[in-house]
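Worksheet: the structure to be examined is printed underneath.
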Amino acid sequence: GAYLHVLGDSIQSIGVMIGAAIIWYNPKLKVIDPICTLLFSVIVLYTTINMLRDILEVLMESTPREIDATSLERGLCEIDEVVAIHELHIWAITVGKVLLACHVRIRREADPDMV
């Protein structure tokens, strides 16, 4: 995320220098300045929206998009000694680090340490 942002800033700086050189060489092409501004604004907006989405998902403690909670719950219920799963919560504490908490009901004869 941050590496991509720094790379984008570097590319924009080079683009501004190229645009300035073109305007300095041919002052009639001043239209290049707003074109560069618009182009770089779109690039920054695109990279920032993706980063903001990831940050908001962490702050809102939402289930990460790549995790299907229903199939995960179904998979947990397929474990032999598991009777039911309650209060399944999945959230990201940082980008890429996911936590899971749930109540697991097991059979009376099952060993809790083994499940």
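A short reminder: the numbers here are calculations on the coordinates, not readings from a lab. No experiment lies behind these values; they were computed from the predicted model shown. Here the Cβ positions follow ideal geometry from the backbone for every residue, glycine too, while neighbour counts run over all protein chains shown.
Any idea how far apart residue 41 and residue 101 come out in nm if each label point goes 7 Å out from Cα toward Cβ?
Calculated label separation equals 4.4 nm.
About the Cα centre, and with charges only on the beta carbon of Lys, Arg (+1) and Asp, Glu (-1), how big is the dipole of the chain? Nearest 20 debye, please.
That gives a dipole near 840 debye.
Could you grab the relative contact order for the chain? Cα pairs under 8 Å, six or more apart, rounded to a whole percent.
18 percent
Note down the nm distance, to one decimal, between modelled labels 7 Å out along Cα→Cβ at residue 60 and at residue 87.
Rounded to a tenth, the inter-label distance reads 2.4 nm.
Find how much the distance from residue 67 to residue 29 grows on full extension, using 0.36 nm per residue of separation minus their present alpha carbon separation; answer in nm with one decimal. Don't jump to the answer; show the numbers that get you there.
On the way: separation 38, 0.36 × 38 = 13.68 nm, distance 5.04 nm.
Computed gain between residue 67 and residue 29 is 8.6 nm.
Hey, of (i) 55, 11, 9; (ii) 29, 16, 11; (iii) 23, 15, 14, which did the structure itself give for semi-axes √(5λ) of the Cα gyration tensor in Å when calculated?
Computed from the coordinates, semi-axes √(5λ) of the Cα gyration tensor in Å corresponds to (i).
Among 17, 70, 115, whose Cα sits farthest toward the positive end of the charge dipole of the chain (+1 at Cβ of Lys/Arg, -1 at Cβ of Asp/Glu, about the Cα centre)?
17
What distance in nm separates the simple spin-label points at residue 16 and residue 2, each placed 7 Å from Cα in the Cβ direction?
Going by the 7 Å Cα→Cβ label model, 2.2 nm.
Of 102, 58, 27, which is farthest along the charge dipole of the chain in the positive direction, counting Lys and Arg as +1 and Asp and Glu as -1 at C-beta?
Of the listed residues, the answer is 27.
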